[in-house]
Amino acid sequence: MNIYSDIGQLKGVGPKTKDLLNKCGIYNILDLLLYFPRDYEFLNSVTDLNTTNENEKFTIKCELLEFKKDIRTKTGKVLTTLVFQCNEQKILAKWFNQPYIKKNFVLGKKYNLVGKIKKNGTFFEVINPVAGCEDLAQSKIAPKYSLKDSLSNNIVVKLINQILDNIIISENLPNLIVEKYNFVSLDYAIRNIHFPKDRDSLNKSKKRLKFQELFTYSIKIMMLKQHVKSSNGIAFKMVEELKELKESLPFELTSAQSRTIREILLDQKKPMPMNRLVQGDVGSGKTIVAIIAMFNVVKNGYQAVMMAPTEILANQHFAEVKKVLKRFEIPIEILSGSTKNSEKLRIKEKIKSGESMIVIGTHALIEEDVEFVNLGIIVTDEQHRFGVYQRSKLINKGKEADVLVMTATPIPRTLSLYLYGDLDISIIDELPPGRQKIDTIFFHNRYRNKAYELAQNQIKDGRQVYIVCPLIEENEALDLSSVNKLYDDLKSTYFKGIPLEMLHGKMNGKSKEDVMDRFKKGEVKAIISTTVIEVGVNVPNATVMIIENAERFGLSQLHQLRGRVGRGSHKSYCVLIAEANSNVTKKRMQIMTQSNDGFFIAEQDLRIRGAGELFGIKQHGDSELILANIIEDSDILRIANMEAKKVINSNCEADKKLCSEVIKNLQKTSKYICFN
């Protein structure tokens, strides 16, 4: 069996199933092998139904005795009931709105039903059970796959079993590494990630495959670095006007900003493309660094482009760039989805002419008819908000251009080296003088009225307020505040008669932009939002950030949210409201109230809970990581990075062959993709 064969060659995969698999990103046999379970159910087989726990799922081997007639319930649902027998005990299997389910069963035949068993009078019942295949019954751990449309878990299980019955997976890591770390074989790992014999087998398989991913990831990062260093770039001169620009600024640059600018300008002088990540805490002044980098490129006669994830942020950058560079007569344009067609045509023609200029925009910059012919630098802001396809499309518009990536997401210092290999990183680790220190206050949920009294007083004084909560709709199981419910509550109490708006991910882009624009103008006094306001908008008049259910957010995310206030001359506050029932939650709230250092907070986040949300690296098709999480698996990343360096620097034929395989894949997928 060829692992690159089309998925349609498998037995049981007709056009409809093939289409469903394609929707899940499965096109060939290898894709299916690497389609790892998103979760597992730990099952126990049972023969005596009286011994079951209603809250746990069990596998029951039973015989079908009878088809009951479908009935319609009071709520209008169709109830389908089948009667089974398990060791003289009757069990009713019930499905809602699935009358077609009967076609999957035959009277007198034995089945493995998987579900929660509940006693109801003299009978036992199981609601919406899964009829498991024989392989499922053999295992006490059942895989659960991500599914779309009508694709069933059972189909995926059967197809993967079919592949594993007809294939032996060859080892592809150097034997020295496998033996050194006592890894299970690749064949064992793939089989047991799908169908684990037990928890130990599952853990060993995960460890092996996580190493595999991070080892390959590390080699790619190092090779990308080598690729850039060997590529031809543009050697820019440091122009005289840089001194004039610096003197024209209405503020002193911090030493961290000055250091970062020096590093960028030295990169620009080299005859190879720059690929630098500027990592700076919220409010540390990354934008002015990017402006100076673009200024030098434009004054060398080239074009500069800056891409932001939202129109609001693009407009904000546009205004800032125009203000800083107003005395230098540099053409500055903005290109976004809402730019009028006549303006778009004018700007695109100007770009195509090769005129030296700065273009700021959103995803509109990557449209096919935007043709840069003289591109010298590409700046992407909040890089993790863009997909790999969007990034590569922009960077392919200027293959020799310098690339500058900015992010406010703090990566722990201890992790940066392993995460980026030898990537050039600049860290702006101090705030500009005059930046307001934000007082962070924690209130237990029962004292949350104090938070809203503070907000009321600030609004009376002419200020504005953000309120963030984690859900859009009420979730009784988690008992969290939701945007809709909170809006209704506050509109009739603390914010009665005060212009209040909602902002959440289910709104369309134009509605979001409209709300934020009116908030920025001061027409809206308070916004109740999900974390969509985490990145971007600068509203100096906003002085209060209230975060409901703060225990549900990672520390780094709380710090990012806190950075939305304290941007003006007024005293600012971040208020955390949480149910602090555990010592871990109390400790996390204490860290937030005592520190404003994003890097320290990121370290603590990593130490306390692993903080999977610390950095949005795990995007399918972006980092190419399926199992591993760069933050949570930092120990595995450390050894993978070390072993990758040895392989890269090795003269061994087997290692050279391994590197050449990675290079082939690299050239197909990531040749011009930023490392971040």
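Derivation of every value follows stated rules applied to the coordinates shown; laboratory data play no part. Only a predicted model underlies this, so the values are computations on that prediction, with no experimental measurement involved. Note that we place each Cβ from the backbone using ideal geometry, even for glycine, and neighbour counts take in every protein chain shown.
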Cross-link pairs beyond the 31 Å C-alpha cut-off, checked among K220/K286; K246/K270; K148/K197; K94/K204; K220/K269:
K94/K204
For M274, M223, which order do you get if you count the other beta carbons within 10 Å of each Cβ and list the fewest first?
M223, M274
With a 25 Å threshold on alpha-carbon distance, the violating pairs from K118/K485; K103/K158; K299/K323; K68/K119; K23/K340; K11/K103 are K118/K485; K23/K340
What relative contact order, as a whole-number percentage, does segment 1-152 give when Cα pairs under 8 Å and 6 or more residues apart are counted?
25
With 0.36 nm assigned to each residue of separation and the Cα-Cα distance removed, D19 to E430 gains 142.7 nm
Given N residues in segment 35-91, what is Rg(Cα) / (2.2 N^0.38 Å)?
1.49
Within a 10 angstrom radius of the beta carbon, how do K61, K77 rank from fewest other beta carbons to most?
K77, K61
Please give the contour-minus-distance gain from N97 to C652: 0.36 nm per residue of separation, less the Cα-Cα distance, rounded to one decimal in nm.
193.6 nm
Among rounded, prolate and oblate, which fits segment 438-595 when a ≥ b ≥ c are the square roots of the eigenvalues of its C-alpha gyration tensor, a/c under 1.5 means rounded, and a/b larger than b/c means prolate?
rounded
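Over 23 Å between Cα atoms, which of K210/K587; K140/K206; K326/K510 qualify?
Pairs exceeding the cut-off: K210/K587; K326/K510.
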Rank-order 593-603, 238-248, 120-130 by packing density, defined as the average count of other C-beta atoms within 10 Å over each peptide's residues, highest first.
593-603, 120-130, 238-248
Ranked C652, C62, C86, C574, criterion: other C-beta atoms within 10 Å, fewest first:
C652, C86, C62, C574
